[in-house]
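The values are calculated or read from the model by the stated rules, or taken from the named source; none is laboratory data. These numbers were taken from a predicted model, which means no experiment stands behind them. Methodologically, a virtual Cβ is constructed for each residue, glycine included, from the backbone with ideal geometry; neighbour enumeration extends over all protein chains shown.
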Amino acid sequence: MTPSGAELAGYQGQPGSFGARAAARCGKPVAFPTFERTLRALLAGEISCAVLPAVNRVDGPILESLDALARSLGEPESPIAVEAEIEVSVRLVLAAPEGLALESVREIHSQAAVLRQCRQLLARLDAIPIDTHDTAYAAFRVKETGGPRAAVCSEEAALEAGLLILAEDVSDVRENTTRFWRLARARDAADPVPENDVAPEGPAPRVVFYAGVKASSALAEAGAELLSLPGTPGDPIRGFAVVAEKSVARAAALTGRPAGGERVIWLGPAPEFVRPPRMRDIPKTTEVREPSVVAVGPFVVGGGRRAVIAGPCAVESPEQVARLARAVARAGATALRGGVFKPRTSPYSFQGHGLEALGWLKDAGDAVGLPIVTEVMAPAQVVPVAARADVLQIGARNCQNYDLLKEAGRSSRPVFLKRGFGTTVEEWLSSAEYLLDAGCKNVILCERGIRTFEKATRGTLDLGGLLVARSLTHLPLFADPSHAAGRRDLVPGLARAAWGAGVDGLMIEVHDAPESALSDGPQALLPEDLEELLDEFGILPGTSGSVERIRRAIDVVDGGIARLAAQRLELARRVGAVKRASSRPIRDEAREATVRARFADALGSDTPAATRLADALIDLALEAEKPGET
Ligand code: PEP
Ligand code: MN
């Protein structure tokens, strides 16, 4: 079914709410007072589809609406189907009638799920959260009743209600989003297939709940069973499925169209075998949560911490690896790599020096204070390698070697899992799930180039796939431009692209005599190339670095600060103009406190530098915001 202007799309709320925005993407929005009423309208054919908020990035599953859906699905022969998912970006503002200052706000009105997305704001203002029916309604109520009341809503709703915006972007995370589900009546076999509409192939999934959605009491009452299967929100069919049947096997057997009165809510490719995850305290790969951080000594990645693992493809000799360890540490890498078991295409190629070389690698890492990352190729290698290596790598060829994943996941070491060159993002994340399920709390993922028709490069660095993975998992994500390129000259460019795409780190192969390297010489950067590249990323060496190099990095940083300062002043001028145009006061102490807190956060709350820098910026901004400044 393609949305057309003529289709009526129901939602719960009022114009200006996020539900209205989601509905507008499906047809002509029609407002209803409750989720239940929206669903009834859908069943009665008053509207051709309905949108329902399902999962919010901060708050997780929105049980208020999912409960209503579950109750409706619990009815015999409920014909509702989830057709599509619509992601709506949620920018929340705090708004109040003119004259109310931020610090005087005592009550904050909004929808319960939205209030849960703004805990930091509530804590900061020490105001009472008041649950209203929807965000746009909260804005109207606050306008009507006045007093020390503000609403959290969309900017659009605030403007529509005639409120002034006291604070912008008040949700706990930036780029907050809510995923809405577009619901429609499933077409029965008896319904005529509309003209120009393609009959669906096989049975349509009737409802699918995927990773992140927890069972609620109503779901349980509806007889629903939550099945944890590997799946992605974009392709939820293999995600969490809700099945009214107690027997999964029974659901699997239903491959035709639903028979009349059938109680199975979800029909689709059913699992062959399902068991609950073993490690309940380890979040699943695709759970909606804060980014995970993996830390091994100086090597810390995830949640804004970025790092580079560098070193030779293979550990060739004690001297070679000791030299390269010094070189990569000097360049600023925070972990040393080197293969001792090498997966080689030809059995006649160098296969690695084995466990003896692990000792050389470890000694080299210890000498420069870097943890070591090395590959395990077989389950039997896991225990001996984990005894000395800080991080176990699972290579591209073994991404789906499930016995190896299980064994590596049981070792107490963090695991660095490369994406197989023929593995989809979904399969890759599912492989990570094996590690988590085996008890490994510290998993890092690495995209290293997939196999495409292109032969000019060794692999195709799949940045799109990397971004998809970023949207699905909390685990740290790396890119390996060396194996993707296969050619030294392309490595810096791919590294920059991946860095720009926001990876948590890079794995880069380095050799000081690539012509005589025993493996992957053509793609190895020279140590000086690595230094130059890391300079660009502002990655600084430890005490082994030269003063000149650090100065070069300082020059780059100064250039950045100068440019940013100019940009900041320009923005201050603009915000001044907007404030004057909307009669908002120029000074905003809460905002100044946020700026100070940001500097204290970055520089340490007890450093005078934090206060002095923040104060200088605030003073300059206030000057720039004054009228008449150009
Ligand atoms: C390696 O990192 O040396 C390696 C063999 O990589 P991949 O598994 O990505 O080919
Ligand atoms: Mn290699």
Within the stretch 354-370, the residues that are under 19 Å from GLY395 (Cβ atoms) and either crowded, with 21+ Cβ neighbours inside 10 Å or within 12 Å of ligand 2 (Cβ to nearest atom) (or both) are ALA357, LEU358, LEU361
Residue in the stretch 517-526 that is under 30 Å from THR345 (Cα atoms), more than 31 Å from the chain's Cα centre (by Cα) and either away from ligand 1 (no atom under 16 Å from the Cβ) or loosely packed, with under 12 Cβ neighbours inside 10 Å (or both) present: yes
Mind checking which pairs have a first residue in the stretch 518-529 that is in contact (Cβ under 8 Å) with a residue 60 or more places away in the chain and a second that is more than 10 Å from ligand 2 (Cβ to nearest atom) and among the polar types (S, T, N, Q), Cβ under 8 Å, 6 or more apart or different chains? SER519/SER349
Qualifying strands (runs of 3 or more DSSP E) (wholly inside the stretch 425-535; at least 2 residues being under 25 Å from PRO318 (Cα atoms) and within 16 Å of ligand 2 (Cβ to nearest atom)): 505-509
When the residues of the stretch 387-424 are filtered to those that are within 16 Å of ligand 2 (Cβ to nearest atom) and of a type in the set (Lys, Arg), which remaining residue is surrounded by the fewest Cβ atoms within 10 Å (Cβ to Cβ)? ARG397
Report yes if some residue within the stretch 341-358 is within 14 Å of ligand 1 (Cβ to nearest atom), among the basic types (Lys, Arg) and within 25 Å of ASN401 (Cβ to Cβ); otherwise report no. yes
Find the residue count for the stretch 329-353, including only residues that are touching a Leu at 6+ places or on another chain (Cβ under 6 Å) and surrounded by 24 or more Cβ atoms within 10 Å (Cβ to Cβ). 7
Single match in VAL385, VAL368, VAL340, VAL376 (criterion: out of contact with any Cys (no Cβ under 6 Å at 6 or more places or on another chain) and farther than 22 Å from LEU506 by Cα): VAL385
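For ARG563, are the conditions met, namely being modelled with pLDDT of 95 or more, farther than 29 Å from PRO291 by Cα and within 16 Å of ligand 1 (Cβ to nearest atom)? So that I can check it myself, show each step before the final result.
Numbers: modelled with pLDDT of 95 or more: yes; farther than 29 Å from PRO291 by Cα: yes; within 16 Å of ligand 1 (Cβ to nearest atom): no.
Criteria not met by ARG563.
Listed here are the residues, each with its yes/no results for (1) within 26 Å of THR345 (Cα to Cα); (2) more than 12 Å from ligand 1 (Cβ to nearest atom); (3) modelled with pLDDT of 95 or more; (4) of a type in the set (Asp, Glu).
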{"residue": "THR473", "(1), (2), (3), (4)": "no, yes, no, no"}
{"residue": "ALA484", "(1), (2), (3), (4)": "yes, no, yes, no"}
{"residue": "ALA501", "(1), (2), (3), (4)": "no, yes, yes, no"}
{"residue": "ASP504", "(1), (2), (3), (4)": "no, yes, yes, yes"}
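Residue-wise test of (1) within 16 Å of ligand 2 (Cβ to nearest atom); (2) modelled with pLDDT under 95; (3) closer than 29 Å to LEU472 by Cα.
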residue	(1), (2), (3)
LEU254	no, yes, no
ALA310	yes, no, yes
VAL315	yes, no, no
GLY339	yes, no, no
Can you run down the residue pairs with Cβ atoms below 9 Å, 6 or more apart or on separate chains, where the first is in the stretch 115-132 and without any contact (Cβ under 8 Å) to a residue 24 or more places away in the chain and among the acidic types (Asp, Glu) and the partner is assigned to a loop (DSSP other than H, G, I, E, B) and surrounded by fewer than 22 Cβ atoms within 10 Å (Cβ to Cβ)? ASP126/ARG106
Please identify the pairs in which a residue from the stretch 393-413 that is free of Cβ contacts under 8 Å to residues at least 12 places away in the same chain has its Cβ atom under 8 Å from the Cβ atom of a residue that is within 16 Å of ligand 2 (Cβ to nearest atom), counting only partners at least 6 apart or on another chain. ASN401/ILE394
Say whether the condition of being over 21 Å from SER482 (Cβ atoms) and over 16 Å from the mean Cα position of the chain (by Cα) is met by at least one residue in the stretch 305-319. yes
Note down all Cβ pairs under 9 Å where the first residue falls in the stretch 553-576 and is part of a helix (DSSP H, G or I), the second is among the basic types (Lys, Arg), and they're at least six residues apart or on different chains. GLY576/LYS626
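Looking only at the stretch 303-314, filter to residues that are over 18 Å from GLY500 (Cβ atoms) and crowded, with 20+ Cβ neighbours inside 10 Å; which one of those is farthest from ligand 1 (Cβ to nearest atom)? Outline the logic, then answer.
Filtering the stretch 303-314 down to residues over 18 Å from GLY500 (Cβ atoms) leaves 303, 309-314.
Imposing the further condition that a residue be crowded, with 20+ Cβ neighbours inside 10 Å reduces the set to 309-314.
Working: ILE309: 9, ALA310: 11, GLY311: 10, PRO312: 9, CYS313: 5, ALA314: 7 Å.
Only one residue tops the list, namely ALA310.
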Whether any residue in the stretch 416-435 is in contact with an Asp or Glu (Cβ under 9 Å, 6 or more places away or on another chain), touching a residue at least 40 places away in the same chain (Cβ under 8 Å) and among the polar types (S, T, N, Q) is what I want to check. no
With the requirement that a residue be buried (at least 16 other Cβ atoms within 10 Å of the Cβ) and in contact with a helix residue (DSSP H, G or I) (Cβ under 6 Å, 6 or more places away or on another chain), what does the stretch 574-589 give you? GLY576
